[in-house]
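To start, the structure under review is shown below, and the notes come after it.
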Amino acid sequence: MGYSSAFVVATIFLTLMLHESNAQLNSTFYANTCPNVSSIVSNVIQQALQSDSRIGASLIRLHFHDCFVNGCDASILLDGTASFLSEKNAAPNANSTRGFDVVDNIKTALENSCPGVVSCADILAIAAEASVSLTIMYVLQAGGPTWNVLLGRRDSLTANQAGANSSIPSPVEGLSNITSKFSAVGLNTNDLVALSGAHTFGRAQCRLFVGRLYNFNGTGNPDPTISPSYLATLQQTCPQNGSGTVLANLDPSTPDSFDNNYFTNLQNNQGLLQSDQELFSSNGSATVPIVNSFSSNQTAFFQSFAQSMINMGNISPLTGSSGEIRSDCKKVNGS
């Protein structure tokens with residue numbers, strides 16, 4: 001890592017330490033009970049990255065989809081039972097969310113080292129940060145956003161499939177609806193734009209954006225905010241009436257790198273999802289100057305992304321004696 005990259009990382013890290021004011025969660029929660037928790041999580045993810053470059057983006061998405069439904073409580077990891085339906089089968093998650101096997105591997109490693117101590121909800125939070133830092137190291141060998149993960153969450157005793165269907169922002173949703181969903185969990189417009197920047201890496205299935213390519217909002221024409229050259233490329237990847245499960249890069253310029261090119265893509269009308277492009281193409285929206293700022297200043301994006309991940313991780317955690325520490329992330333203890 002070069003001096004300038006190390007300085008940026010150190011500056012962001014020290015700045016974020018000043019924001020550790022959440023009364024319920026803290027970064028040293030496992031200092032005595034499982035001091036190696038971060039390295040154990042990182043080791044499992046690093047192994048997974050060797051065969052799956054998408055896994056970092058997938059683990060961040062699990063944390064995101066978990067926190068937007070009843071808070072960051074690992075409810076997304078539960079299989080269904082006679083008592084509740086699994087969030088895994090909700091529309092935003094079915095045949096889409098992935099990385100559950102890696103979470104299970106992390107949990108197994110932690111149970112071997114510190115049995116009954118680390119919650120599945122905290123695993124998702126730690127894994128999200130590790131996914132960013134490890135992807136940058138593995139792909140770029142360069143500096144990027146890092147943050148002190150606040151810990152002490154406990155795991156839910158149930159899931160909320162209906163909540164997952166209604167609360168998770170959709171890639172085919174308008175900006176006003178998505179903004180409302182962020183606001184409902186205490187996140188603001190800057191959080192919305194910064195967290196959308198996670199689409200700087202990862203993939204999306206054709207079925208999530210094919211409507212933009214041929215029949216946008218029932219017009220019979222493509223979405224006019226897609227650049228013609230990008231439209232032609234996407235139509236080759238996702239032909240009309242083709243397979244909906246074919247994957248396209250969320251960031252066509254640097255698909256496996258965590259950088260600020262996502263925002264430059266939006267300025268060039270090369271946002272893959274409707275929810276991406278609307279951040280820039282919605283005239284008069286408060287999101288537009290934020291996109292412009294992040295496009296011109298990668299450090300500003302990294303710092304905002306890190307703080308917004310902390311903010312998201314603080315959504316309605318179960319703490320104290322609420323919930324439990326699951327021994328198996330897929331099921332409630334004793335079930």
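The values are calculated or read from the model by the stated rules, or taken from the named source; none is laboratory data. Keep in mind that this is a model prediction, so the values were computed, not measured. Positions of Cβ are generated from backbone atoms using ideal geometry, with glycine treated the same way; all protein chains shown enter the neighbour counts. Areas reflect the complete protein model, heavy atoms only, side chains present, ligands, DNA and RNA absent. Shrake-Rupley method; radii C 1.70, N 1.55, O 1.52, S 1.80 Å.
Sort out which residues of the stretch 66-81 are under 14 Å from ASN165 (Cα atoms) and polar (S, T, N, Q), and write them in order of number. Give the derivation first.
Of the residues in the stretch 66-81, the ones under 14 Å from ASN165 (Cα atoms) are 66-70, 75-76.
Answer for the stretch 66-81, where residues must be under 14 Å from ASN165 (Cα atoms) and polar (S, T, N, Q): ASN70, SER75.
Right, ASP52: open to solvent by 30 Å² or more (accessible area, probe 1.4 Å), assigned to a helix (DSSP H, G or I) and more than 19 Å from MET309 (Cβ to Cβ) or not?
no
I need every pair where a residue in the stretch 197-210 that is more than 29 Å from ASN297 (Cα to Cα) and without any contact (Cβ under 8 Å) to a residue 12 or more places away in the chain has its Cβ under 7 Å from the Cβ of a residue that is open to solvent by less than 10 Å² (accessible area, probe 1.4 Å) and not in a helix (DSSP H, G or I), sequence separation at least 6 or different chains.
none
Quick one: is ALA128 over 18 Å from LEU157 (Cα atoms), hydrophobic (A, V, I, L, M, F, W, C) and not in a helix (DSSP H, G or I)? Working first, answer last.
On the way: over 18 Å from LEU157 (Cα atoms): yes; hydrophobic (A, V, I, L, M, F, W, C): yes; not in a helix (DSSP H, G or I): no.
Criteria not met by ALA128.
Quickly run through the stretch 197-222 and pick out the residues that are open to solvent by less than 20 Å² (accessible area, probe 1.4 Å) and in a helix (DSSP H, G or I).
Once the filter is applied, which keeps residues that are open to solvent by less than 20 Å² (accessible area, probe 1.4 Å) and in a helix (DSSP H, G or I), the stretch 197-222 yields GLY197, ALA198, THR200, CYS206, ARG212, LEU213.
Of the residues SER166, SER183, SER176, which single one is under 17 Å from VAL288 (Cα atoms), part of a helix (DSSP H, G or I) and of a type in the set (Gly, Ala, Ser)? Break it down into steps so the answer makes sense when it comes.
Details: SER166 fails: under 17 Å from VAL288 (Cα atoms); SER183 fails: under 17 Å from VAL288 (Cα atoms).
So the residue among SER166, SER183, SER176 that is under 17 Å from VAL288 (Cα atoms), part of a helix (DSSP H, G or I) and of a type in the set (Gly, Ala, Ser) is SER176.
Keeping to the stretch 239-254, report how many residues are open to solvent by 50 Å² or more (accessible area, probe 1.4 Å) and assigned to a loop (DSSP other than H, G, I, E, B).
8
What about ALA232, is it more than 18 Å from HIS199 (Cβ to Cβ) and either touching an Asp or Glu at 6+ places or on another chain (Cβ under 8 Å) or assigned to a helix (DSSP H, G or I) (or both)?
yes
Based on this model, can you work out whether SER321 counts as open to solvent by 30 Å² or more (accessible area, probe 1.4 Å), of a type in the set (Ser, Thr, Tyr) and part of a loop (DSSP other than H, G, I, E, B)?
For SER321, the condition - open to solvent by 30 Å² or more (accessible area, probe 1.4 Å), of a type in the set (Ser, Thr, Tyr) and part of a loop (DSSP other than H, G, I, E, B) - is met.
Picking from ASP79, ASP66, ASP73, which residue would you name as being surrounded by 24 or more Cβ atoms within 10 Å (Cβ to Cβ) and in a loop (DSSP other than H, G, I, E, B)?
After ruling out the rest, the residue left standing is ASP73.
For the stretch 255-306, which fully contained helices (runs of 4 or more DSSP H) count at least 3 residues that are in contact (Cβ under 8 Å) with a residue 60 or more places away in the chain and surrounded by 22 or more Cβ atoms within 10 Å (Cβ to Cβ)?
In the stretch 255-306, 274-281, 287-296 are the helices (runs of 4 or more DSSP H) which contain 3 or more residues that are in contact (Cβ under 8 Å) with a residue 60 or more places away in the chain and surrounded by 22 or more Cβ atoms within 10 Å (Cβ to Cβ).
Residue by residue, here is whether (1) of a type in the set (Phe, Trp, Tyr); (2) within 23 Å of the chain's Cα centre (by Cα); (3) more than 19 Å from GLY56 (Cβ to Cβ) holds:
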{"position": "THR245", "(1), (2), (3)": "no, yes, yes"}
{"position": "THR254", "(1), (2), (3)": "no, yes, no"}
{"position": "PHE258", "(1), (2), (3)": "yes, yes, no"}
{"position": "THR264", "(1), (2), (3)": "no, yes, yes"}
{"position": "GLN267", "(1), (2), (3)": "no, yes, yes"}
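For the structure I just gave you, tell me whether THR225 is hydroxyl-bearing (Ser, Thr, Tyr), assigned to a loop (DSSP other than H, G, I, E, B) and open to solvent by less than 70 Å² (accessible area, probe 1.4 Å).
Considered against the rule, which asks whether it is hydroxyl-bearing (Ser, Thr, Tyr), assigned to a loop (DSSP other than H, G, I, E, B) and open to solvent by less than 70 Å² (accessible area, probe 1.4 Å), THR225 comes out as yes.
Any idea how many residues of the stretch 109-124 are in contact with a strand residue (DSSP E or B) (Cβ under 9 Å, 6 or more places away or on another chain), of a type outside the set (Gly, Ala, Ser) and either in a helix (DSSP H, G or I) or at pLDDT below 95 (or both)? Give the derivation first.
Restricting attention to the stretch 109-124, the residues satisfying the condition of being in contact with a strand residue (DSSP E or B) (Cβ under 9 Å, 6 or more places away or on another chain) are 111, 118-122.
Subset that is of a type outside the set (Gly, Ala, Ser): 111, 118, 120, 122.
In the following step, the residues that additionally are either in a helix (DSSP H, G or I) or at pLDDT below 95 (or both) were identified as 111, 120, 122.
Here the count works out to 3.
Pull up the stretch 82-107, narrow it to residues that are among the polar types (S, T, N, Q) and part of a loop (DSSP other than H, G, I, E, B), then point me to the one that is nearest to ALA48 (Cα to Cα).
Selected residue: THR97.
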